[in-house]
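Asker: Right, I'll just put the structure down here and ask away after.
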Amino acid sequence: MAEERRQKQCSVVLPTESMKAMAESVGVGQLQEESCVALSEEVSYRIKEIAQDALKFMHHGKRRKLTTSDIDNALKLKNVEPLYGFQSQEFIPFRFASGGGRELHFYEEKEVDLSDIINTPLPRVPLDVSLKAPKEQQKAESTEPLKVVKPGQEEEGTIQGKSQGATAPDGKGQYLKGLIRLKPRSTHELSVEQQLYYKEITEACVGSCEAKRAEALQSIATDPGLYQMLPRFSTFISEGVRVNVVQNNLALLIYLMRMVKALMDNPTLYLEKYLHELIPAVVTCIVSKQLCLRPDVDNHWALRDFAARLMAQSCKTFSTTTNNIQSRITKTFTKSWLDDKTQWTTRYGCIAGLAELGPDVIKTLILPRLAVEGARIKAVMEGPVVSNIDKIGADHVQSLLLKHCASVIAKIRPQPDNVEQYRTDYGYLGPMLCSHVMKARTQAALQAQQVNRTTLTITQPRPTLSVSQSGLSGSTGPRTPSIIKVPSSLALMSPRPGTPSQPSPPATKYIVMATSAGAASTQQVITLSSSQSASPVTSTVPSATSTLQPLVKLESGSGPGLTASRPLQKYIVVSLPSSASSSLETKSSVLPTSISSTPLDTGMKLDRSESPGASTQSPH
Amino acid sequence: MAAVQSGMGEGVEEKDIKTEPASDGFGNNNANDGRLVSTSPGSNAPAASNKPVAGGPPEDQQTLLAVLQFLRKNKLTESVEILRREAGLPEDDLDPNGADSSGAGTGGAAGSVDSDAGDASSLLTRVTVSSSAAAQAPTKGTIQSDCCQVYDGASGGPVPGNSAAGEDQPDVSVVLSAYSQQGDPALYEVYYSSLKRFIETVLDCHRAELSQVFYPLFVHMYLELVYNNHENEAKAFFEKFSGDQECYYEDDLRVLSSLTKKEHMRGNETLLDFRTSKFVLRISRDSYQLLKRHLQERQNNQIWNIIQEHLYIDIFDGMPRSKSQIDAMSGSLAGEAKREANKAKVYYGLLKEPEIELPLDDEDEEAENEEGKPKKKKPKKDSMGSKSKKQDPNAPSQSRIPLPELKDSDKLDKIMYMKEATKRIRLGPDNLPSICFYSFLNAYQGLTAVDFTDDSSLIAGGFADSTVRVWSVTPKKLRKVKSAADLNLIDKESDDVLERIMDEKTASESKILYGHSGPVYGISFSPDRNYLLSSSEDGTVRLWSLQTFTCLVGYKGHNYPVWDTHFSPHGYYFVSGGHDRVARLWATDHYQPLRMFSGHLADITCTRFHPNSNYLATGSSDRTIRLWDVLNGNCVRIFTGHKGPIHALAFSPNGKFLASGATDGRVLLWDIGHGLMVGELKGHTDTIYSLRFSRDGEILASGSMDNTVRLWDAMKAFDDLETDDFTAATGHIHLQDNSQELLLGTYLTKSTPVIHLHFTRRNLLLAAGAYNP
């Protein structure tokens, strides 16, 4: 092979046509053929000679590319004037042209207008030569690790630090090589911008400002570049849940679950690697015995519903034959549901979690147990009053079962719905099921588009705020948003409204949200008490605290009994129908000053108090 | 050469060397013109003197010479030819005592010599016309033939017949005229292939040795064809046989291939190299006899003539060498080194370290002691390595080369060095050094040279844009001395006067030194960190002050690019070498060189001082390394074996070994005392630009264009050697291929060729290169 190459080398001679072309270009026409041959041989030889010398300069310049300056230097060696003006920007400045059977390489020289050059702004000065090395190298000769100066940009794979004493017995050479292999596993540092972003987002997600939270969640759900931060987010969530479950901080748990939802909504994130952190958090929020300080009044049921839905969604998305998420989750839920000692709260969570997994699961796992569960509920509802909490729990479980099972039964059972038949099939729950099923059938028949409201109830308990509470909360200092947990002392400070000893007649509540650009919008809660109060009572809540924005269902231009202060205001009226079983939101107050004694999440209230708008009470 | 030596000898005796030595040398050379010199008077270079003349008394020769001279003067070329044939004189040969025949119109007629005493036809005499060109200015040609002073008379003697034609370039024409003999061009191929056939059929043991003949024969036959205007035959010859040559001659073949006309031969340096030097072959006596018998039987005079004229066959008794043994040593432009060339004694031991008391009160006394009884103080080994006070028989005497006295600051530095040395990490295969890489960013392919100070506090870079930049890599910034006017104002009596003379306003991390007018190819710090040397394409070496950051001296002497320069480890002296094939020894306070070392057949690409400052090594594009004695300018070692231009050299800290790296990507290890190749380290895939031994000599680091730093187990490489029985007499070392065992680590940069390496005093390895996106 070398031989072939060499033979080629010795035979390369410039074509005589080139000689002719060059002669013409300097004004010599009609060059003799013999002259051309002689010239071309001579020129070829000289060019080779110069190229060989130029190579020498390339080697000494410690380069791999031959440059025009090497040729210049080689010419200087021969005492030949170098070619001036050949500093081309391109590596090969020649152009090729062919036509009329002739092929030609030429050097394109454009005419340049001098004034153009003068008038164009000067190009940026190229960066000056600089020296990069580990800064601490001097003192670090033996003790400190040598840091990579610019990760990924330029470094020895070997740069490493090793204390002189700590020489591994197995040989440093292997250690060095090991380092190189391990390098990809190193954690990726977030850039400063990413760190800022992460801080802002997490603060906003658990902070007090609902508008910010909405923005932050929106960002998590849509931003395509979050992959780097994903491990941090998942740790944030799992740690947050762990802490706040212990502290029964319902609000923060809700916020964290919303973060999970946002993460799952983001199409660019692939959560599978972080499920080991997220799933336990979510399951905790579903089945935990206690999620709030006052289980009797706080609507932790909504959180359980929401988390159950998240769980179902992640099962759908991530369950594979290898990780078996769905079957493992199902097993967990069923096991604790079947346990007799299980509390009503957990029981509710288990059923919700199972029910969200789909009609098939309901049909195979829940329906067969309806009779047993019915008996249990009956024991609580109709038996001696053991505890109010149990009763509330049983009540919720009952409504949950009715809600989920009715639609399934409506599909699988033949048309005539006989109450007695239902009673024999499903025991205590039978009659209620029957009515629900009939309702479901009629609804399906009517093709009602109405969305099931209850799916939106997680924020139900929060919108109302009592004046007395907010006045009190003015004394509490602002909470630092970066801390996930609310100090328990704060929670304790808040007055605990008396637990209603008995369910009051449900009152319909309307929440009117007024949004206007710029000014802090207010939100008014009007409780129309059907029984005691004749006049609507209005309390104004700064809209920043509202978690209702995404939940708006009704919108009407004229809120009942509401006086619009600004013409541009938009009124959003959300009706919160009190469910039949709910005893929570039934408070209505006659006192104009303390409008509502509706049990509220204390943590939430305190959160809100810090916003400046809190002091502006109802303008009316 | 003798004159040069004596002149140098005088000069060296005192530290204040005047600039005369070099000019003396030339003067004496010129004074020899026209003298008939049969043996170079006073030539004491053992390498240069060959066996005494074998046949024919000198009187006869002189008569013959006189007659020939007369005939030639009268342009009776035919008669000259006839007479020569009558006398049985072959056309041309060299003799070793051409030591004085400097090519610049020297008239010295060479004596005669015989390389093979037993051969009757080998009586060679020669005549040189004393031409009118005696007063020629020294040109490159001069230097060319200067080389023979040391390199055993390589200069081709002028031969009748062509002197008139060479008025403009007498040396070249004289050289070329050796090819004027005519043979039938058509027969060249026949001759060559018959020899080839013969060699292919001889016994295996001889075949490898005899195959060495192919390449020089091929080259010279080709050149003869070209010279005699047989262009087509030459091309055909080249195409037919060039493929047979060893691959490591490819570069030279490429040059040859472009050379197809007689006119091209003039001024072609490679060609001159072939002609001015005899290609040296080492062949066992048996093999040689075989070859000779064959050629005589076949009456193959053409080839025989070439062998006689252009080849030097170094015959040894004993077993023929194997192919691998031959390959290890061959590859240089002019064949292997003659055995005689490496016989001179080399004092490779280290000089004794001056004893420095930690309290620095009596330092003057110390210095006097050193001056006073230098002979008594025999140098010991590495002061750090062995504590024994025993004198090292291999070390030169302390005053063999006058060295500068130690200044207070030097002593302080030595103390610092010793303190650092106590903290030095002991390296070994199990304890490899950390490597810290300094990358030059935005260098745009312009970084051409780097050097670190010995204490690793400064880095200097030479750039293709003619600048030299100095960086401080410690928090201590670089400051200039104040201007003269400001210096007047400071209190000279104060204790911190050294601090006060510095101008704080100029403090910066780096300084740029402007002065060169071409790319800076070599750079070297002085050991005391006060000076910086840079060598450039513009032919100058510049000395810069690191106090004022200005240029102090421009040393002019090289007419062509200066590829490398290096400060002596003791300061004061430095060496430079470049395209003009001459290495020059300078002292910082002399603007002319003290010594000129000529002998290389191509560019000197790298230069390096021995740790004891008594010797220096030069690597060259002719693929040889030479070791020169600073005292007398002799070449004491020639190392062949590289297959490409040598770009890196490194002496082991104990002075016993030399490592060299070349474009062929191999590192070769040499034993200086025995003059032998002792190791070959294969692994790099591109030019090696940097080599460095760790401070204790356990690890050899090599940095290459292939973006890697490799660490080699130097201890093992040299230890294995000791167990080998030294075949010093023949020099036929058999190298086992153990590169993989010796390689301790390979470390890749991302895209940065490694062009410099440096071990700090504590054995941290620093590397430098320009990031090359």
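The values are calculated or read from the model by the stated rules, or taken from the named source; none is laboratory data. Nothing here was measured: the structure is a model prediction, and the numbers come from that model. As a convention, Cβ positions derive from the backbone with ideal geometry for all residues, glycine included, and neighbour counts pool all protein chains shown.
Asker: Just checking, does segment B:661-680 include any residue being in a strand (DSSP E or B), touching a strand residue (DSSP E or B) at 6+ places or on another chain (Cβ under 9 Å), within 14 Å of chain A (Cβ to nearest Cβ) and not β-branched (Val, Ile, Thr)?
Answerer: In the first step, residues of segment B:661-680 are kept if they are in a strand (DSSP E or B); the result is B:661-662, B:666-671, B:676-680.
From what is left, the residues that are touching a strand residue (DSSP E or B) at 6+ places or on another chain (Cβ under 9 Å) are B:661-662, B:666-671, B:676-680.
When the remaining residues are screened for being within 14 Å of chain A (Cβ to nearest Cβ), the result is B:661-662.
Restricting the remaining residues to those that are not β-branched (Val, Ile, Thr) gives B:661-662.
For segment B:661-680, residues in a strand (DSSP E or B), touching a strand residue (DSSP E or B) at 6+ places or on another chain (Cβ under 9 Å), within 14 Å of chain A (Cβ to nearest Cβ) and not β-branched (Val, Ile, Thr): present.
Asker: Could you list all residues from segment A:381-407 that are buried (at least 21 other Cβ atoms within 10 Å of the Cβ) and either in contact with a Gly (Cβ under 9 Å, 6 or more places away or on another chain) or assigned to a loop (DSSP other than H, G, I, E, B) (or both)?
Answerer: Within segment A:381-407, A:GLN398, A:LEU401 meet the criteria.
Asker: As an exercise: evaluate B:SER510 against (1) closer than 23 Å to B:VAL582 by Cβ; (2) surrounded by 15 or more Cβ atoms within 10 Å (Cβ to Cβ) and give the number of the one condition it does not meet.
Answerer: (1)
Asker: With the requirement that a residue be within 20 Å of A:GLU272 (Cα to Cα) and not in a helix (DSSP H, G or I), what does segment A:291-342 give you?
Answerer: A:SER319, A:THR320, A:THR321, A:THR322, A:ASN323, A:ASN324 - these are the residues of segment A:291-342 that are within 20 Å of A:GLU272 (Cα to Cα) and not in a helix (DSSP H, G or I).
Asker: Looking for something among the charged types (D, E, K, R) and either over 21 Å from A:TYR198 (Cβ atoms) or over 17 Å from the mean Cα position of the chain (by Cα) (or both) - is there at least one such residue anywhere in segment A:240-250?
Answerer: Narrowing segment A:240-250 to residues among the charged types (D, E, K, R): A:242.
Subset that is either over 21 Å from A:TYR198 (Cβ atoms) or over 17 Å from the mean Cα position of the chain (by Cα) (or both): A:242.
For segment A:240-250, residues among the charged types (D, E, K, R) and either over 21 Å from A:TYR198 (Cβ atoms) or over 17 Å from the mean Cα position of the chain (by Cα) (or both): present.
Asker: Further question: Being touching an Asp or Glu at 6+ places or on another chain (Cβ under 8 Å) and more than 9 Å from chain A (Cβ to nearest Cβ) is the filter here; which residues of segment B:447-460 pass it?
Answerer: B:ASP455, B:ALA460
Asker: Sticking with this structure for a sec: Could you tell me which of the residues B:PHE609, B:PHE597 is surrounded by 24 or more Cβ atoms within 10 Å (Cβ to Cβ) and not polar (S, T, N, Q)?
Answerer: Only one candidate qualifies: B:PHE597.
Asker: Something else: Consider segment B:428-446. How many of its residues are more than 7 Å from every other protein chain (Cβ to nearest Cβ) and assigned to a strand (DSSP E or B)?
Answerer: Final tally of qualifying residues: 1.
Asker: Also, quick follow-up: Kindly indicate whether A:LEU39 is closer than 18 Å to B:SER536 by Cβ, at pLDDT 85 or above and either surrounded by 14 or more Cβ atoms within 10 Å (Cβ to Cβ) or away from every other protein chain (no Cβ under 12 Å) (or both).
Answerer: no
Asker: Would you check if B:PHE463 is more than 9 Å from chain A (Cβ to nearest Cβ) and at pLDDT 90 or above? Walk me through it before giving the result.
Answerer: Working: more than 9 Å from chain A (Cβ to nearest Cβ): no; at pLDDT 90 or above: yes.
In short, no.
Asker: Looking at segment B:228-241, can you tell me whether even one residue there is in contact with a Ser or Thr (Cβ under 9 Å, 6 or more places away or on another chain) and surrounded by 22 or more Cβ atoms within 10 Å (Cβ to Cβ)?
Answerer: Yes; the residues of segment B:228-241 include at least one that is in contact with a Ser or Thr (Cβ under 9 Å, 6 or more places away or on another chain) and surrounded by 22 or more Cβ atoms within 10 Å (Cβ to Cβ).
Asker: Now, a different point. From B:PHE549, B:PHE574, which residue is surrounded by 15 or more Cβ atoms within 10 Å (Cβ to Cβ) and part of a strand (DSSP E or B)?
Answerer: Working: B:PHE549 fails: part of a strand (DSSP E or B).
Just one listed residue meets the conditions, B:PHE574.
Asker: Only one of (1) surrounded by fewer than 17 Cβ atoms within 10 Å (Cβ to Cβ); (2) more than 15 Å from B:PRO527 (Cβ to Cβ) is not met by B:ILE415, so which one is it?
Answerer: (2)
Asker: While we're here: Please verify whether A:SER25 is more than 8 Å from every other protein chain (Cβ to nearest Cβ) and hydroxyl-bearing (Ser, Thr, Tyr), treating the condition exactly as stated.
Answerer: On the way: more than 8 Å from every other protein chain (Cβ to nearest Cβ): yes; hydroxyl-bearing (Ser, Thr, Tyr): yes.
Judged against the criteria, A:SER25 is a match.
Asker: Which count do you get for residues in segment B:263-294 that are farther than 30 Å from A:GLU42 by Cβ and without any contact (Cβ under 8 Å) to a residue 24 or more places away in the chain? Give the derivation first.
Answerer: Of the residues in segment B:263-294, the ones farther than 30 Å from A:GLU42 by Cβ are B:278, B:280-294.
From what's left, without any contact (Cβ under 8 Å) to a residue 24 or more places away in the chain: B:289, B:293.
Selection size over segment B:263-294: 2.
Asker: Tell me which of these B:GLN592 doesn't satisfy, since it passes every other one: (1) surrounded by fewer than 23 Cβ atoms within 10 Å (Cβ to Cβ); (2) modelled with pLDDT under 90.
Answerer: Result: B:GLN592 fails condition (2) only.
Asker: Name the residues in segment A:42-66 that are in contact with a Phe, Trp or Tyr (Cβ under 9 Å, 6 or more places away or on another chain), over 22 Å from B:ILE523 (Cα atoms) and surrounded by 14 or more Cβ atoms within 10 Å (Cβ to Cβ), would you?
Answerer: Listed by number, the list holds a single entry, A:LEU66.
Asker: Evaluate the following for B:GLY554: is it in contact with a Phe, Trp or Tyr (Cβ under 9 Å, 6 or more places away or on another chain), over 27 Å from B:TYR348 (Cβ atoms), more than 14 Å from chain A (Cβ to nearest Cβ) and small (Gly, Ala, Ser)? Walk me through it before giving the result.
Answerer: Values: in contact with a Phe, Trp or Tyr (Cβ under 9 Å, 6 or more places away or on another chain): yes; over 27 Å from B:TYR348 (Cβ atoms): yes; more than 14 Å from chain A (Cβ to nearest Cβ): yes; small (Gly, Ala, Ser): yes.
Yes: the conditions hold for B:GLY554.
Asker: Sticking with this structure for a sec: Restrict the check to segment B:469-489 and report whether at least one residue is farther than 24 Å from B:ARG695 by Cα, among the small types (Gly, Ala, Ser), at pLDDT 85 or above and surrounded by 17 or more Cβ atoms within 10 Å (Cβ to Cβ).
Answerer: Checking segment B:469-489: not a single residue is farther than 24 Å from B:ARG695 by Cα, among the small types (Gly, Ala, Ser), at pLDDT 85 or above and surrounded by 17 or more Cβ atoms within 10 Å (Cβ to Cβ).
Asker: Modelled with pLDDT of 75 or more, within 14 Å of another protein chain (Cβ to nearest Cβ) and surrounded by 10 or more Cβ atoms within 10 Å (Cβ to Cβ), is that true of A:LEU146? Before you say what the answer is, go through the steps one by one.
Answerer: On the way: modelled with pLDDT of 75 or more: no; within 14 Å of another protein chain (Cβ to nearest Cβ): yes; surrounded by 10 or more Cβ atoms within 10 Å (Cβ to Cβ): yes.
When the stated conditions are applied, A:LEU146 does not pass them.
Asker: Inside segment B:460-520, counting only strands (runs of 3 or more DSSP E) that do not spill past its ends, which hold 2 or more residues that are under 34 Å from the mean Cα position of the chain (by Cα)?
Answerer: Working: elements: B:468-472, B:478-481, B:502-508, B:510-513.
Qualifying strands (runs of 3 or more DSSP E): B:468-472, B:510-513.
Asker: Starting from residues that are β-branched (Val, Ile, Thr) and more than 13 Å from every other protein chain (Cβ to nearest Cβ), keep the ones in segment B:250-281 and report whichever is farthest from A:GLU49 (Cα to Cα). Can you show your working first?
Answerer: Taking segment B:250-281 and keeping what is β-branched (Val, Ile, Thr), we get B:255, B:260, B:270, B:276, B:280.
Narrowing further to those that are more than 13 Å from every other protein chain (Cβ to nearest Cβ): B:276, B:280.
Details: B:THR276: 20, B:VAL280: 26 Å.
Among them, the one singled out is B:VAL280.
Asker: Out of the residues in segment B:324-378 meeting the condition of being under 24 Å from B:GLY571 (Cα atoms) and of a type in the set (Val, Ile, Thr), tell me which one is modelled with the lowest pLDDT.
Answerer: Across segment B:324-378, the extreme among qualifying residues is B:ILE356.
Asker: What tally of residues in segment B:235-274 results from selecting those that are under 19 Å from the mean Cα position of the chain (by Cα) and of a type in the set (Lys, Arg)?
Answerer: 0
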